[in-house]
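The values are calculated or read from the model by the stated rules, or taken from the named source; none is laboratory data. Keep in mind that what you see is a predicted model, and the values were worked out from it rather than measured. Here the Cβ positions follow ideal geometry from the backbone for every residue, glycine too, while neighbour counts run over all protein chains shown.
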Amino acid sequence: MDLRDKIQLLPDNIANQIAAGEVIQRPASAVKELLENAVDAGATEIKLVVADAGKSLIQVIDNGSGMSETDARMAFERHATSKINNIDDLFRIRTMGFRGEALASIAAVAQVELKTRRETEEAGTYIEIENSIVKKQEPVAFQVGTSIAMKNVFFNVPARRNFLKSNAVEMRHIADEFIRVAMAFPEIFFSLTANGQEVFHLEKGTLKQRIVHLLGNHYTSKLVTVQEKTDYLNIYGFAGKPDTAKKTRGDQYFFVNNRFIRSAYLNHAVMSAYQEMIPGDSFPMYVLFIDLDPAQIDINVHPTKQEIKFEDEKIIYAFVQAAVKHALAQFSITPTLNFDLDPSIQKLDAVANPFTDEKKENTSASDLYNTFTQKNQAHFIESKSELKHWKDFYPQPKDQPFKSLLSAHQEDVPGRLEYEAAASGITRPAETKLQLLEDAPLLQLLHTYIVAPVNNGFILIHQQSAHERILYERYIAAAKGKPIASQRSLFPLTIPLSAPDVVLMQELLPDLKQLGYEIELFGKDTFAIQGTPADVDSGNEKTAIEQMLEQFKHFNSDVKFSRREKLVRSLAWQHAIKPGRSLTQKEMKTLADDLFACSQHNITPSGNPTYISFKTDYLEKMFGKG
Ligand code: ADP
Ligand code: MG
């Protein structure tokens, strides 16, 4: 037996290569790190040059502080940084970088050429480094600032190099990173040149100009200013007017202390502020900056720093939502209902008992609390007057209910019909026991409603809402008891998901299984649908799952619901038949019967009526016979 000790320290270049795997995943990660270094160096002009989608060259040239000869050499050591000195500095981070890992990682996986000069020095420094080994170092004539060129990324890690995607894909990632940094610093000139062609040329200017340059001229007159200041945090930026909402998620940017972040949670806060203004399946544009004391966040959780942890996410959520609602209300004629902030927010521990002892002392006079609640009240008052205004858009149906009902039919506006019916005193679903008349034929109107005779008149069922209620109760029962049968797919479909969605999906898998979905992780970020509930139409399982996830996120802020409740609601909403679908007699009958078999048949899970009832005595009165 070999009794010699076996453990040895890894050589630096190998240790660096391993560490690099976390920091530099693809050319775009290097772009991000180099651009951030230039920003941290105080540059006012930053140029990015790439060739071959970054695979052969990534170069960033800045006019920032530059480095001394010693610093230039030190910069490539692991954990070498000028940005923090001690652990407390971590809670005061205002720079983009602080880990001191980027340059060491870049030098471990590429050939790097650095040129740099400080203002106070005559000559600059040139360093060539490859595989973490310095190949050349000499004085050089160079402008003030720094240029770092990274060539042939992963030349020494073939497995990674082979893993890179097509140039189009890698370039898209580079552009994304470039846009995120350039968006956050409109006071800095940026350019991006790819294969000799200048793709972006961004003069210094205002945030609005920068957004329009980056995202397109069509936003010029479509941006609403968002601005709320409190002593806890500031929110500013722009939100797109509702008519700019798109079917694809895309132009949505959150920055916390100028750092781009992803947050499904905060995204939901914005989405909910747009509720009722945009169709449920579309995504508004926004560019929002949240500035707060760095001590309130932990930027350390993710190596590439796109996710951060807030000391208290719920407060931030409420602020974001209120700020966007407020902005939209001021600049839009679109009705804004429900202006009140969720009262449970004010009861949250963090608001009622702020996080540190110091702050606790100031609680009663806390500006946070006061500004927050005052603003909230202000919003509420606004909302009341807006609500009144909103009703003015519609003719008041009180005096001529019948006529307006008729005209509503003619104009084919179902939403309005429902609103007017409700406002005109026609009874909404009542508690009294209604009974469907056996064997009476049912009638579908406008491919949306079902007229069904009942014991004391007739009811108008909303097919989607009714079905949502039926499915909701069925799923709740399945989630708690006997699982729904699943039918195995012959050809499992795969769905690739974004990283946050992968996490979400994994959380949901056990409950989904209970509801008849057999889904498995298949690779790193792809899921395979092996089976679906027996009653789901085959052919659109993939869309169904994607939409279900979107809908789940939509519900996700509702702290009062459990994950399962949210999932069940999402699925019920997702699978409910939609307006526009014509139904056979048999289908209508089943729907009506199933609805009346529900334990709470008159409202949807979210509280909308599933039907409106027209009682005979009321109808008689309308005809002057009552
Ligand atoms: P970090 O940014 O986390 O400090 P990096 O590895 O990215 O770590 O950079 C190491 C150090 O090199 C930085 O702290 C900074 O002092 C210096 N440096 C890097 N890039 C530049 C630049 N473009 N201009 C001036 N100094 C730079
Ligand atoms: Mg850095």
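Miscellaneous remarks
- Residues of segment 205-223 include at least one that is in contact with a helix residue (DSSP H, G or I) (Cβ under 7 Å, 6 or more places away or on another chain) and either in a strand (DSSP E or B) or closer than 23 Å to Ala318 by Cα (or both).
Quick grid of which residues meet (1) surrounded by 15 or more Cβ atoms within 10 Å (Cβ to Cβ); (2) hydrophobic (A, V, I, L, M, F, W, C); (3) more than 27 Å from the chain's Cα centre (by Cα):
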residue: Thr494; (1), (2), (3): no, no, no
residue: Val502; (1), (2), (3): yes, yes, no
residue: Pro510; (1), (2), (3): no, no, no
residue: Pro533; (1), (2), (3): yes, no, yes
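- Residue match in segment 86-93 (condition: surrounded by 17 or more Cβ atoms within 10 Å (Cβ to Cβ), hydrophobic (A, V, I, L, M, F, W, C) and closer than 18 Å to Leu48 by Cβ): no
- Only one entry of Lys135, Lys165 meets the criterion of being more than 15 Å from ligand 1 (Cβ to nearest atom) and at pLDDT below 95, and that entry is Lys165.
- Taken over segment 67-119, the criterion of being in contact with a Ser or Thr (Cβ under 7 Å, 6 or more places away or on another chain), farther than 26 Å from Asn152 by Cα and more than 7 Å from ligand 1 (Cβ to nearest atom) is satisfied by Arg118 alone.
- Answer from Thr81, Thr95, Thr44 - the residue that is within 15 Å of ligand 2 (Cβ to nearest atom), under 32 Å from the mean Cα position of the chain (by Cα) and among the hydroxyl-bearing types (Ser, Thr, Tyr): Thr95
For (1) touching a residue at least 24 places away in the same chain (Cβ under 8 Å); (2) among the polar types (S, T, N, Q); (3) under 30 Å from Arg118 (Cα atoms); (4) part of a loop (DSSP other than H, G, I, E, B), each residue gets a yes or a no:
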residue	(1), (2), (3), (4)
Phe142	yes, no, yes, yes
Met150	yes, no, yes, no
Ala159	no, no, no, no
Arg172	no, no, no, no
Phe178	yes, no, yes, no
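- Residues within segment 15-45 that are assigned to a loop (DSSP other than H, G, I, E, B) and farther than 16 Å from Val112 by Cβ, tallied: 6
- Here Val60 meets the list (1) surrounded by fewer than 19 Cβ atoms within 10 Å (Cβ to Cβ); (2) of a type in the set (A, V, I, L, M); (3) closer than 25 Å to Phe255 by Cα almost entirely, failing just condition (1).
- Test: residue in segment 33-40 that is under 22 Å from Ala159 (Cβ atoms), within 12 Å of ligand 1 (Cβ to nearest atom), in the same structural domain as Met183 (by TED's automatic domain parsing) and modelled with pLDDT of 95 or more: yes
- Cβ-Cβ under 6 Å pairs, at least 6 apart or on other chains, segment 597-626 side farther than 18 Å from Ile476 by Cβ and in the same structural domain as Glu565 (by TED's automatic domain parsing), far side of a type outside the set (A, V, I, L, M, F, W, C) and in a strand (DSSP E or B): Phe614/Gly457; Lys615/Gly457; Thr616/Gly457
- Boolean, Ile24 is under 30 Å from the mean Cα position of the chain (by Cα) and surrounded by 15 or more Cβ atoms within 10 Å (Cβ to Cβ): yes
- Filtered residues of segment 209-246 (kept if of a type in the set (D, E, K, R), in contact with a strand residue (DSSP E or B) (Cβ under 9 Å, 6 or more places away or on another chain) and farther than 18 Å from Ala269 by Cα): Arg210, Lys222
- Checked against the criterion of being in a strand (DSSP E or B) and of a type in the set (A, V, I, L, M), the candidates Leu48, Leu9 yield just one match: Leu48.
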